[in-house]
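Below is one structure; the comments refer to it alone.
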Amino acid sequence: MTQPLKPGDRAPAFQLPTTQGGPASLSDYAGKHLILFFYPKDDTETCTKEAVAFSEAQSQFTRKGAAILGVSRDSLADHKAFVSKYKLKVRLGSDEDGKVCNAFGVWQEKQLYGNRFMGIVRSTFLIDAEGVIRRVWRNVRVPGHVGRVNEEFEASR
């Protein structure tokens, strides 16, 4: 098993189809900070709250030189329906084959009601303008999370 990514590590390169603006790759964000959040499933209660919170904060982050990209293993069609239903402003990337989730170490064994299964562990990575990870949040609890990300982003600038 590889070591989990930590602050100071280079972010793994990626390319994903997205809900807006064509595909997204790490190199697209060179020169700006990237808030990369991984979430388990479109249109579920907690994932919706997280995506809405990042959407509401997007213009604030953009003004400060940061972009936001949400990633799950849902299809691009599911992402587009999710964006439309909740009027989301954040860009969502589709990682159907799981390569990006694996590269960032968020695809892990989980347990719910005694059942074990593989799934995305809700995680956020703050990546700087040079592609270096500055902060990692794992097992994210959504209430207040966007505010904590903003505080760390402000401190890292």
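What follows draws every value from the coordinates through simple rules; no lab data is involved. These figures come from a predicted structure and were not determined experimentally. Cβ: placed from backbone, ideal geometry, glycine included. Neighbour counts: every protein chain shown.
Label zone (GLN20, point 7 Å along Cα-to-C-beta; backbone nitrogen cut-off 16 Å) within segment 84-113: 84-94. Here each label is just a point 7 Å from Cα along the line to Cβ, and for GLN60 and THR44 those points are 2.6 nm apart. Taking a ≥ b ≥ c as the square roots of the Cα gyration tensor eigenvalues, with a/c under 1.5 meaning rounded and otherwise prolate when a/b beats b/c, else oblate, which class fits segment 6-122? Oblate. Between segment 103-157 and segment 10-54, what is the C-alpha centre distance in whole Å? With segment 103-157 and segment 10-54 each reduced to a Cα centre, they are spaced 11 Å. Of the residues HIS79, HIS145, the one with the fewest other Cβ atoms within 10 Å heads the list, and the complete ranking is HIS145, HIS79. A crude spin-label estimate for the pair GLN3 and TYR86, with each label 7 Å from Cα along the Cβ direction, gives 3.5 nm. When you restrict to C-alpha pairs under 8 Å that are six or more residues apart and normalise by the size of the chain, the relative contact order lands at 30 percent. Between ALA77 and ASP97, the simple label model (points 7 Å from Cα in the Cβ direction) yields a spacing of 2.0 nm.
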